[in-house]
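> First the structure, then my questions, so here it is.
Nothing in this text is a laboratory measurement; each read-out follows from the coordinates by a stated rule. These figures come from a predicted structure and were not determined experimentally. Positions of Cβ are generated from backbone atoms using ideal geometry, with glycine treated the same way; all protein chains shown enter the neighbour counts.
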């Protein structure tokens, strides 16, 4: 089957899978979407299979982070927030784990994702 353009809403279940895929890559960070559950703007994506459902949502979320958002250790938190906001049309906040608490990263949004995650590891081991 050839690639084609697919339009669909970023459903709450896709947003949840994006959150899970992100935390899988960075266990001491998490993404919060403001207004999750609210319909967001349409987006187009080139895919080589049908509509994602069930298990395919997890794969779609990982592909989205890698191929559309270009997630990497060197990406700064602010850049990730801007890209996700532009893609989904929702406000995004990255939080860092500190012990048993999740802290906003607004003061350190110029840190890379790797720096943030490593700092979370250090703070959680104290």
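> Is region 74-119 rounded, prolate or oblate when judged by the Cα gyration tensor, a ≥ b ≥ c being the square roots of its eigenvalues, rounded requiring a/c under 1.5 and prolate requiring a/b larger than b/c? Can you show the working numbers first?
Details: a/c = 2.55, a/b = 1.52, b/c = 1.69.
Oblate is the answer for region 74-119, as a/c is 1.5 or above yet b/c matches or exceeds a/b.
> If R0 is 30 Å, what FRET efficiency do you get for residue 106 and residue 126 from their C-beta distance, rounded to 0.05?
Computed FRET efficiency for residue 106 and residue 126: 0.85.
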